[in-house]
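Enquirer: Okay, here's the structure, questions in a sec.
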Amino acid sequence: MESLDYPQAKALLEWQIDLGADEAIGEVPVNRYDAPKKQPKPQAAPVDSAPVAAPAFDPADIARQAAASADSLEALQAAMAGFEHCELKKGARSLVFCDGVPGARVMIIGEAPGRDEDREGRPFVGRAGQLLDAMFAAIDHGRAEAAQPIYITNVVPWRPPNNREPSPDEIAMMLPFLERHVALAKPEVLVLMGNVSCLAVLGQKGITRLRGNWTEAMGLPALPMFHPAYLLRQSAAKREAWADLLSLQARLRT
Ligand code: URA
């Protein structure tokens with residue numbers, strides 16, 4: 001191939017970004033037609049061979065110990081940064097820990113960072129985040145000190161590949177950090193955004209049934225709500241989201 005000059009290379013890159021290729025996979029292209037044929041699968045082990053040993057540790061136990069030893073939000077963030085047992089960490093650029101004002105009365109728990117959050121290192125900065133900001137601004141809440149503040153985090157701090165949902169194992173292993181995060185941030189109420197947040201915090205899915213119903217979680221009143229990303233796809237559900245925001249506002253006034 002002829003070598004490209006700078007404008008040609010730039011145009012080619014922009015064209016690929018327009019097509020949706022937004023991640024560099026490797027520095028050297030791989031010709032998969034030249035790759036050696038797949039090896040046949042190994043035969044199943046004979047039944048009388050020794051059983052495969054289960055992992056000697058439970059990552060959630062390690063997370064629990066690391067979380068318990070953190071006595072401040074900064075220490076918790078450092079403990080999470082040092083936690084090497086979650087595969088999500090390997091594919092992510094940033095640890096997305098929190099945004100907003102620690103100590104705010106309202107703590108919002110989302111699902112996981114997406115592409116924009118991974119790039120910026122802050123939760124809810126993409127389109128769903130803009131809607132979240134607009135929703136809370138409508139009840140006079142915001143991320144800044146000046147407004148009635150909110151504090152935001154996610155169930156997992158690393159972006160899952162292709163924005164898939166975090167798996168139940170990933171959720172379980174990161175849960176001790178989330179529990180400690182809530183204990184250290186000391187909110188008055190939790191807002192659980194979407195199914196993943198409800199699964200992590202309440203052990204239940206079914207956001208259409210759960211939303212709008214106050215419950216108790218981690219020793220605090222908790223309100224499940226539709227996730228803003230869902231509201232971007234289903235704008236008819238904004239009516240219920242508005243009812244839930246009003247319910248939150250009323251709760252904060254009492
Ligand atoms: N969705 C989430 O649940 N969390 C984010 O941080 C961004 C999008």
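Enquirer: Sort out which residues of the stretch 122-172 are charged (D, E, K, R) and farther than 20 Å from L95 by Cβ, and write them in order of number.
Expert: Listed by number, the residues that qualify are R127, D133, D140, E145.
Enquirer: Among what's in the stretch 232-241 and is assigned to a helix (DSSP H, G or I) and within 18 Å of G129 (Cβ to Cβ), pick the residue that is most open to solvent (accessible area, probe 1.4 Å).
Expert: For the stretch 232-241, the residue satisfying everything is R233.
Enquirer: Let me ask something additional. Check the stretch 58-72 and report whether any residue there is modelled with pLDDT under 95 and away from the ligand (no atom under 12 Å from the Cβ).
Expert: Scanning the stretch 58-72 turns up at least one residue that is modelled with pLDDT under 95 and away from the ligand (no atom under 12 Å from the Cβ).
Enquirer: Just checking, which of D116, D99 is within 9 Å of the ligand (Cβ to nearest atom) and open to solvent by less than 40 Å² (accessible area, probe 1.4 Å)? First the steps, then the outcome.
Expert: On the way: D116 fails: open to solvent by less than 40 Å² (accessible area, probe 1.4 Å).
Answer to the selection: D99.
Enquirer: Among (1) open to solvent by 60 Å² or more (accessible area, probe 1.4 Å); (2) of a type in the set (S, T, Y); (3) in contact with a strand residue (DSSP E or B) (Cβ under 7 Å, 6 or more places away or on another chain), there is one condition Y151 misses while meeting the rest; what is its number?
Expert: (1)
Enquirer: Let me ask another. Please verify whether V182 is within 29 Å of R64 (Cβ to Cβ), β-branched (V, I, T) and touching a Cys at 6+ places or on another chain (Cβ under 9 Å), treating the condition exactly as stated.
Expert: On the way: within 29 Å of R64 (Cβ to Cβ): yes; β-branched (V, I, T): yes; touching a Cys at 6+ places or on another chain (Cβ under 9 Å): no.
So V182 does not fit the description; no.
Enquirer: Within the stretch 213-231, how many residues turn out to be surrounded by fewer than 16 Cβ atoms within 10 Å (Cβ to Cβ) and assigned to a loop (DSSP other than H, G, I, E, B)?
Expert: Summing the residues that are surrounded by fewer than 16 Cβ atoms within 10 Å (Cβ to Cβ) and assigned to a loop (DSSP other than H, G, I, E, B) in the stretch 213-231 gives 3.
Enquirer: With the requirement that a residue be open to solvent by less than 10 Å² (accessible area, probe 1.4 Å), near the ligand (Cβ under 10 Å from one of its atoms) and touching a helix residue (DSSP H, G or I) at 6+ places or on another chain (Cβ under 6 Å), what does the stretch 119-148 give you?
Expert: Residues satisfying the conditions are P123, G126, L132.
Enquirer: If you don't mind, another one. For the stretch 186-205, which residues satisfy the criterion of being touching a Phe, Trp or Tyr at 6+ places or on another chain (Cβ under 7 Å) and either within 16 Å of the ligand (Cβ to nearest atom) or free of Cβ contacts under 8 Å to residues at least 40 places away in the same chain (or both)?
Expert: G194
The values are calculated or read from the model by the stated rules, or taken from the named source; none is laboratory data. If you're wondering where the values come from, they're calculated on a predicted model, not measured in any experiment. No Cβ is skipped: glycine too gets one built from the backbone with ideal geometry, and neighbour counts run over all protein chains shown. Just the protein is used for accessible areas: all its heavy atoms, side chains included, with ligands, DNA and RNA removed. Shrake-Rupley method; radii C 1.70, N 1.55, O 1.52, S 1.80 Å.
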